[in-house]
1. Can you name the number of the only condition in (1) part of a strand (DSSP E or B); (2) open to solvent by less than 10 Å² (accessible area, probe 1.4 Å); (3) closer than 24 Å to SER12 by Cα that VAL177 fails?
2. Mind listing whichever residues of the stretch 29-45 are without any contact (Cβ under 8 Å) to a residue 24 or more places away in the chain and assigned to a loop (DSSP other than H, G, I, E, B)?
3. Just checking: which of the strands (runs of 3 or more DSSP E) contained wholly in the stretch 222-277 hold 3 or more residues that are within 26 Å of LEU295 (Cα to Cα)?
4. Among the residues in the stretch 190-202, are any touching a residue at least 24 places away in the same chain (Cβ under 8 Å), assigned to a loop (DSSP other than H, G, I, E, B) and open to solvent by 30 Å² or more (accessible area, probe 1.4 Å)?
5. Among what's in the stretch 318-332 and is in a helix (DSSP H, G or I) and open to solvent by less than 80 Å² (accessible area, probe 1.4 Å), pick the residue that is modelled with the lowest pLDDT.
6. Among the numbered criteria (1) without any contact (Cβ under 8 Å) to a residue 24 or more places away in the chain; (2) under 15 Å from SER281 (Cα atoms), which single criterion is violated by ALA173?
7. When ALA145 is evaluated against the numbered criteria (1) among the hydrophobic types (A, V, I, L, M, F, W, C); (2) in contact with a strand residue (DSSP E or B) (Cβ under 8 Å, 6 or more places away or on another chain); (3) within 30 Å of TYR68 (Cβ to Cβ), which criterion, by number, is the only one it fails?
8. Counting just the residues of the stretch 40-60 that are among the acidic types (Asp, Glu) and within 27 Å of the chain's Cα centre (by Cα), which one comes out most open to solvent (accessible area, probe 1.4 Å)?
Amino acid sequence: MSQSLPSASQPSQRLPVYRAEQLRVTDGANLGDTLSFAEELVPDDVYELNYDAPLQSLSIQVGEADIYRIASDSALGGANAALVADSVLTVMPPTGETIEILVLVEVDADGHITEIYAAPLSPLSEKLPYSLVGIDRATARIRMAQMACVSFTRGTRITLATGEQCPVEKLRAGDRVLTRDDGAQEIRWVGHVTMRATGEFAPIHIKAGTLNNAGDLRVSPDHRLFIYQRHDHIGAGRSELLVRARHLVNGDTVRIAEGGYVDYFQLLFDTHQIIFAEGISAETMEADHRTRPVLPEDLKEALTQSQTGHNSGPRHQAYEVNETLLDRPDAVELLRRASSK
C-alpha cells in the first residue's frame, strides 16, 4: 500500500541544517568519519564543524501516516523523499555547555539512505571540538514537534471572553478566551516547556507599538500574527494576512531574543483560532501531524481530526504571506500603517 504524500495546503516546517559531511570526527574511535545515524555513533568521539560550512534550509511536511517528507519548496533534498527523525545528540564544547543536535536521515523509495542532516538546536562554531556525550533515540519526534508548536512566552497577556487581560501562564483548560472568528471559546489544553533561548528556540521580541501591540510581545519564531490591512501596502493582494514572527526581524523593533532560558506556553482549542495577545491578533497552536507528539494521548486523534480534516486543510492557511513579500527594510512599518485605524 502506497503512503500518502503531504498536500500542498499543509504547512511546512523549516529547519536550518548542516549536511552530515560538514561534521567530522577529529578524535576518537571513528576518527575521520562524518556524522552518521545513531547506530554508527560512538560516545566520546570528538566532532568539529568544517570551516565555512553553510547552514542550509530543509523544509519538512508530515503525511497522513505520520511520515516526515521533504517539502517541494525545500532548498535541500529530494521533493517528497521520506525523512526519518533518527536521534537527538548531546555534544559538549570546551565551555561545558551542552548543545543538542537533531539527526535526520533522508531515504529513497527502497529504504536506502541518501543523505544525513544535522539540525543544531543551538548554534555551532567552526573548528571547535564537540564531544559526543549523549545519544537519545526516543525524543527526536518530540523535539520536531516542539519546534513546530507556536508558543507565547511567560507574561504575555491574553484577552479573555470578559475582556480581562490574563498572563498566559495563569490560563487553564476550560478558561474562555476571546477569538476573532468564533467569539468566546474554551481552551482544551495548555502546554508548557522550558527551553534554552538559543538558535531555533530563541523567541522573537516585538517591541510595544511596533504592530500596534499594547505591550512587548515575545513569541516562538514561527508564530504567525494576524494582520488586517486597510490598505495593501506590501502587495499581498488581500486584506487578511498571517505573518511569521521570524520574517519580521529587523534588528531594531523586532529582534531575536537570545540568551538564558525561555518558558513557552501553547494554547490549544477545538479548532485553530486567532486570539488577542498584548492587544493584537495571533494564532493558537494547531493540532496536526507535526505537533501531535507533544499532546496527551486522549487529545491526539480527536483534535488532529477536528483541526485539519481530510478535505479542508489547516484553517487560516490561505492567509499566510510569502516570506519574499516581507524581505524589505520597511516591511514592519508598512504592516503597522496598513493595520492602523
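The values are calculated or read from the model by the stated rules, or taken from the named source; none is laboratory data. These numbers come from a predicted model, not from an experiment. Glycine also receives a Cβ, built like all others from the backbone with ideal geometry; neighbour counts cover every protein chain displayed. Only protein heavy atoms, including side chains, enter the accessible area calculation; ligands, DNA and RNA are left aside. Shrake-Rupley method; radii C 1.70, N 1.55, O 1.52, S 1.80 Å.
1. VAL177 satisfies every listed condition except (3).
2. ALA29, ASN30, LEU31, GLY32, ASP33
3. Working: elements: 224-228, 240-244, 254-256, 261-268, 274-277.
Here the list reads 224-228, 240-244, 261-268, 274-277.
4. Filtering the stretch 190-202 down to residues touching a residue at least 24 places away in the same chain (Cβ under 8 Å) leaves 190-202.
From what is left, the residues that are assigned to a loop (DSSP other than H, G, I, E, B) are 197-198, 202.
Pick out the ones that are also open to solvent by 30 Å² or more (accessible area, probe 1.4 Å) and you get none.
Within the stretch 190-202, none of the residues are touching a residue at least 24 places away in the same chain (Cβ under 8 Å), assigned to a loop (DSSP other than H, G, I, E, B) and open to solvent by 30 Å² or more (accessible area, probe 1.4 Å).
5. So in the stretch 318-332, the residues in a helix (DSSP H, G or I) come out as 318-319, 323-326, 331-332.
Narrowing the set further to residues that are open to solvent by less than 80 Å² (accessible area, probe 1.4 Å) leaves 319, 325-326, 331-332.
Numbers: TYR319: 80, LEU325: 85, LEU326: 89, ALA331: 90, VAL332: 93.
For the stretch 318-332, the residue satisfying everything is TYR319.
6. With respect to (1) without any contact (Cβ under 8 Å) to a residue 24 or more places away in the chain; (2) under 15 Å from SER281 (Cα atoms), ALA173 is out only on (2).
7. (2)
8. As a first pass, look at the stretch 40-60 and keep what is among the acidic types (Asp, Glu): 40, 44-45, 48, 52.
Add one more test, that the residue is within 27 Å of the chain's Cα centre (by Cα), and what stays is 48, 52.
Numbers: GLU48: 44, ASP52: 111 Å².
Selected residue: ASP52.
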